[in-house]
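For reference, the structure discussed in these notes is given below.
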Amino acid sequence: MSEQTPKEIALAHSMTEQEYENTVKILGREPNYTEIGIISAMWSEHCSYKSSKKYLNGFPTKAPWVIQGPGENAGVIDIGDGYAAVFKMESHNHPSFIEPYQGAATGVGGILRDVFTMGARPIANMNMIQFASIDGNSNTAKKHRHLLRGVVAGIGGYGNCMGVPTIGGQVGFEECYAGNNLVNAFTLGLAKSDEIFLGLAEGVGNPVMYVGSKTGRDGLGGAVMSSCAFDEDSESKRPTVQVGDPFTEKLLLEACLELFKEDLIIGIQDMGAAGLTSSSFEMAGRSGSGMRMDLDKVPAREEGMTPYDFMLSESQERMLICAKKGCEQKVIDIFEKWELSVAVIGEVTDTGNMELYWHGEKVADIPIQPLSEEAPILDRPVKEPEYLKTIQDITLDKNISNQEAFDKLFSDLEVVDKSFVYDQYDSMVQTNTVKGPGKLDGSVIRVKETGKAIAMSADCNTRFCYINPELGAAAAVMEAGRNVAMTGAKPLAITDCLNFGNPQNPEVMWQFMKSCDGIKEACKKLNTPVVGGNVSLYNETEGVGIFPTPSIATVGVNDDMNKVLSSAIQESGSTIYILGDTKSEFGGSLYMKKLYSKVAGVHPEVNFEAELNLWDFIVEANKQNLLLSAKDVNIGGVAISAAKMSVVGDIGIDITMPLLDNKDIFSESLSRAIVEVKYENEYEFEQFVAKHKVSCTKIGKTGGDSIKINGIIKPLDEAKDIYFNSFKKVIEQDL
């Protein structure tokens, strides 16, 4: 490396010539090797959001209940009674493709730290994972069975050891993920609303302290690796995947929560992507401060480490703290009690620069504000994808019976129960899970301190986003909120995880731009502000990118934890209603994919007013004790949604739904729900309907030992066998 010029070294670190020239301008000189490593990481796509930042501006981020919006480690909303929900979702896609267990595990570890860094105890995890088809003997199917098993084991292994329940999520399958599976991890924590901690480093002379695991060389180059597309040599990037230790993180969690009880610190920041680099620059940058750090004082677990290694390592389970001057020993005592490494490694200055020393010698001197303020904001070309011109004019002209269609859709791996996955997660630890995985729609945690419940759901229909990125992203916001509303909780805010292909492709940037437009409009109209998020680009291998996948996690509150609504049939002899309008809408549907092998068509109509009316109706009807169960209608339409309610509730159903076209039983029109009402409450329910702006039709009853839907007949026992056993047979077929 010594024979290379600084510019050659910078280009080898994935910096562009323009970025290198800007670096020289900021520094007033050529950078050294350590400075190049730091700046290349800070200006990587993963850390700087240089391709996406332009489109993230304008997200609605404020509401009376929002305590902390985007820009901190996690978002925070007020849930009343002096408590706040702290939550965030992030991606760990590239690491999970290279090394599925550790990639997924460290994704969970990172998002947990983002939440407890804010002063919250994590009380729930969710995840959204996407793969290529795992059914069959193709190399891709075998590869993705391996990836899925590894990812699930990693998620479970880390979350279970931390004692945080994994209470829900989504598993999807599309061939576009063959070269890039997605792993999006979500954590929600609980804190006192007036005890939120931020990532700040201010006050000249205040000590900067390192706590947690010792630093090694694992994860070097991780942020840059996550900012590149994959190719045939991607397996060689395995060393850039960090290795997690959940037992150490559990100690770090408890030590931090003990620390927060004392008035000892100014701010605290997780060392995530780019490790000590990002945490130190972000803490000082938010405050307009400078910082001096003596890197030889950083606890190390390897010999011969250099300043470059210390600044760029992504070793896990580490935090950077700005403590109050004079409180150093008390902080040290807390972390040593929990048998964690702790050291004073620097102090806050008024220089505005990041000054790094190695055994007394200055090895880097970088202006902090210019580095962040002059970080690249790219205006990449955008172009409407050519494929959109050919996929809308679709005719469903095959003579397919409803029974045949039902059998194919109901047995699809996207539909059937994923107990193989969620049985590996401890969903009941902490004993607050009211509605966990496998129970359909949103998941729910009770807050014993307040008597309330927090509901959450993570969703994205990537086929919708492929045929219309703007409406598909809006529909993801709608579905995540609808799933929360189906539990009886009022949706309050979202966090997002925006997964897309290569931003150097103008068609991908167009997809990203339109998806952001869809999220902005939906969140504005549905009054669910964005309080945090993450962007994952370069999800592409050998030129093949993923479908747009803007994952949305919505959080809501139910004022009574004893009134959490089920999504499975509860009683025999009750009445079934459909809420909302059913149209012949099959664009991006599972029906079209399974029976016509196409992801095509026109996106279902988006009506935010109808969606919000549906949410409000379900929440209020639940408060009035008018509902036994409620489930949103989504993949596979009424037929599949009702059948899932039946098999999970272990009670038959008999539905006859008036339709213009028989196949519309599989239509995926939005803003609909199936509700179950006690027979004796029919009149009161229908009177309630008359006072609200929701269309409602009585379509059937519960009971019996069969699923009967518009001529479709399936014995309940046979349906249960398909639903509960199909996934396990496929995922275990080559074990």
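The values are calculated or read from the model by the stated rules, or taken from the named source; none is laboratory data. This is a predicted model, so every value here is computed, not measured. Note: ideal-geometry Cβ built from the backbone for every residue, glycine included; neighbour counts use all protein chains shown. Heads up: the accessible areas ignore ligands, DNA and RNA and are worked out on the full protein's heavy atoms, side chains in. Shrake-Rupley method; radii C 1.70, N 1.55, O 1.52, S 1.80 Å.
When both region 661-722 and region 153-168 are represented by their alpha-carbon centers, they are found 35 Å apart. Helix 17-27 and the long axis of the chain differ in direction by around 50°, with both axes built from C-alpha atoms.
Largest to smallest in accessible area, the residues C497, C47 fall in the order C47, C497 (1.4 Å probe, all protein chains included). In this structure region 391-446 gives 45 Å² per residue of accessible area when probed at 1.4 Å with all protein chains present. On C-alpha positions alone, give me the angle between the axis of helix 328-337 and the longest principal axis of the chain, in degrees, nearest 10. On a 0 to 90 degree scale, this one is about 50.
When +1 charges are put on Lys and Arg Cβ atoms and -1 charges on Asp and Glu Cβ atoms, the dipole computed for region 475-545 relative to its Cα centre reaches about 480 debye.
From the alpha carbon centroid of region 3-78 to that of region 174-217 is 17 Å.
Each residue of region 345-358 is assigned a 3J(HN,Hα), and the resulting list reads 10, x, 7, 7, 10, 10, 7, x, 10, 8, 10, 10, 10, 9 Hz, derived from the Karplus form 6.51 cos²θ - 1.76 cosθ + 1.60 (θ = phi - 60°), x at Gly and Pro. Of the GluC sites (Glu not before Pro) found in region 43-145, no site is in coil according to DSSP while having at most 12 other Cβ atoms within 10 Å of its Cβ. Measuring nothing but protein heavy atoms, the accessible surface of the chain at 1.4 Å probe radius is 47 percent carbon and sulfur. For GluC sites (Glu not before Pro), the sites in region 541-630 that DSSP calls loop and that have at most 12 other Cβ atoms within 10 Å are E542.
Heavy atoms of the protein chains alone define the surface here; on that basis region 572-709 has 37 Å² accessible area per residue at 1.4 Å probe size. Over region 482-566, accessible surface divided per residue gives 25 Å², non-protein components excluded, 1.4 Å probe.
Helix 716-731 and the longest principal axis of the Cα set of the chain meet at an angle near 30°.
Taken about its Cα centre, the chain carries a charge dipole of about 1280 debye when Lys and Arg each add +1 at the Cβ and Asp and Glu each add -1 at the Cβ. Measuring between their Cα centroids, region 349-403 and region 547-621 lie 31 Å from each other. Since only G700, M293, S315 are under comparison, the one whose Cα sits farthest along the positive direction of the charge dipole of the chain, derived from C-beta charges on Lys, Arg, Asp and Glu, is G700.
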